[in-house]
1. What FRET efficiency do you get for Ile50 and Asn84 if R0 is 35 Å and r is their Cβ-Cβ distance, rounded to the nearest 0.05?
2. Could you quote the convex hull projected area for the chain, Cα atoms only and averaged over all directions, in nm²?
3. As I understand it, the value is the acute angle between the Cα axis of helix 132-146 and the longest principal axis of the Cα atoms of the chain; what does it come to in degrees, rounded to 10?
4. Please give the peptides 5-13, 124-132 ranked by average Cβ packing (other Cβ atoms within 10 Å per residue), highest first, as a rough proxy for protection.
5. Length gain on complete extension for the stretch Ala63 to Glu171, per 0.36 nm per residue less the alpha carbon to alpha carbon distance?
6. Taking the mean number of other Cβ atoms within 10 Å as a proxy for protection, how do you rank 153-164, 20-31 from highest to lowest?
7. With r defined as the distance between the Cβ atoms of Trp2 and Tyr23 and R0 fixed at 30 Å, what FRET efficiency is calculated, to the nearest 0.05?
8. Output the 0 to 90 degree angle, nearest 10, between the alpha-carbon long axis of helix 176-185 and the longest principal axis computed from the alpha carbons of the chain.
Amino acid sequence: MWRQLIPAFRAMLFFTVLTGLVYPGVITAVCQTFFHYQANGSLIRVHGQIIGSSLIGQEFTRARYFHPRPSACDYDASASGASNDGPTNAKLVARIKASIAEFRRDNPDYTGPIPADLVTASASGLDPDISVASAEAQGARVASARGISVNEVRALIRENTQGRVLGFLGEPRVNVLALNLALDSRRR
C-alpha cells in the first residue's frame, strides 16, 4: 500500500507546487511586466487618484455628463449580472418605458429614435461603452449644460470613438468615462 501512496503523494505535492505556486507566479510576473495596466484592473487615475476603470461602467446622472447604459445591478461590480427578464416580462417592459421617459425628459431637444443601448442593460450590467449613436443623442444636452457648442461635443465624441476590434469585430463605441474625462479636461 505504501508503495502506491508515496508516489501519489509526491505527484500531488509536485503538481500542487507547479500549479499553485510556480504557474501563478510566472503568469503574474509576465502580466505585471508586459501588461501592467490591464493586470491591475485598467484603472484610470486623475491627479494620482483612482476615479474608475475603463472596463467597468459607472453611473453619471448630471446633465453635463454623458450617461451610460442602464445597469441591472445598479453599477455594483460585486453584483454584476443581467436581470434575465425576457421580452414579455412586465417588469422589463416597465423599466424600459421608464428609461425612455427619463431619456426624453433629460434630452428634450432630441427627436430621433432612441438608441437601444440607452434603455436596455448589458449582460454584465456594467458595460463601460455606449454606441456612437447614443453619445450623439446626448450631445445637445451636454453642450447646453456646459455652455459649449454641439459641434465641439461632436468633435470630442469622434476623438473618443473606438473602432471595431481587429477592424471587423463588434461596433464602434465610446467609453463613457473617457468621454466625460475628455469633457472635463478640455480647455475652458
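1. That pair, Ile50 with Asn84, gives E of 0.65.
2. If I average the Cα hull's projected area over directions, I get 17.1 nm².
3. Once rounded, the angle reads 60 degrees.
4. Averaged packing, sorted descending, gives the order 124-132, 5-13.
5. Full extension from Ala63 to Glu171 adds 36.3 nm.
6. For the peptides 153-164, 20-31, the packing ranking is 153-164, 20-31.
7. 0.50
8. 60 degrees
Quick note: the coordinates plus some simple rules give every number you see, no bench work behind them. Quick caveat, the model's predicted, so the values are computed rather than measured. No Cβ is skipped: glycine too gets one built from the backbone with ideal geometry, and neighbour counts run over all protein chains shown.
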